[in-house]
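Okay, structure first, notes after.
Throughout, read-outs are computed from the coordinates displayed, never taken from laboratory work. Nothing here was measured: the structure is a model prediction, and the numbers come from that model. Note: ideal-geometry Cβ built from the backbone for every residue, glycine included; neighbour counts use all protein chains shown.
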Amino acid sequence: MSRTGSILALAALAALIGGLSWELQQQAAPRILAQQQAIETRTLAQVLPAGEYQRQSLALSATELPHGSLVQGYRMLRPGQPAAIILQSRTRGYGGPLELLIGIGANGRLLGVKTLSHQETSGLGARIAEEHGWLSVFFGKSRTDTPDTAWHVKKDGGQFDQMAGATITSRAAVDAIHDALRYFDEHREQLLGEPEHE
């Protein structure tokens, strides 16, 4: 076989392999996307009561709040009806950005809070990421039974204990949760997809 023939054969083989790889990728892409979405939905559901949920993304586009911002929002459906809203909040902790998932029931009550990321001090503020830890004190709270003036750590005249040695982290979390509940109350119809009253 001549050198030109060998080059053409290699080029044809490379094109065939490239085409097969592209075809396999196209066939696998929907399954990969579905699996990624299922994993993300399970992560979101960690701040909700047990059960199966469908999710709908909400366009919040980095909504600024008094103590941080909302990065993303999700409407969680069960079966087909809005059961909860999950807001992803970013605020500033002691060590840097603090991101929380905040689950709020359709009735405006807090269903759960999960720390997504933090840069807090190990053994102090880092305890904010402990499952069933300090954040569990907020479960079931709402602005109805906890007035806005009480949404502070006790050191600041509020009703919530702070984590020992981590007042700044505690303060940031209380403020972020309160901001999310206030945002939910002010945008309830839009978030739940209910028709606006005329």
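Some notes on this structure:
- Residues being part of a strand (DSSP E or B), within 30 Å of residue 77 (Cα to Cα) and without any contact (Cβ under 8 Å) to a residue 40 or more places away in the chain are represented in segment 117-135 by at least one member.
- Complete set of residues in segment 60-73 that are touching a residue at least 12 places away in the same chain (Cβ under 8 Å), farther than 16 Å from residue 178 by Cα and hydrophobic (A, V, I, L, M, F, W, C): 60
- Scan of segment 150-197 for residues that are under 20 Å from residue 56 (Cα atoms) and of a type in the set (A, V, I, L, M), ordered by number: 180, 181, 191, 192
- Qualifying residues in segment 114-143 (those that are charged (D, E, K, R) and surrounded by 16 or more Cβ atoms within 10 Å (Cβ to Cβ)) - the one nearest to the chain's Cα centre (by Cα): 114
- The set of residues in segment 136-159 being out of contact with any helix residue (DSSP H, G or I) (no Cβ under 6 Å at 6 or more places or on another chain), hydrophobic (A, V, I, L, M, F, W, C) and closer than 15 Å to residue 179 by Cβ consists of 150 alone.
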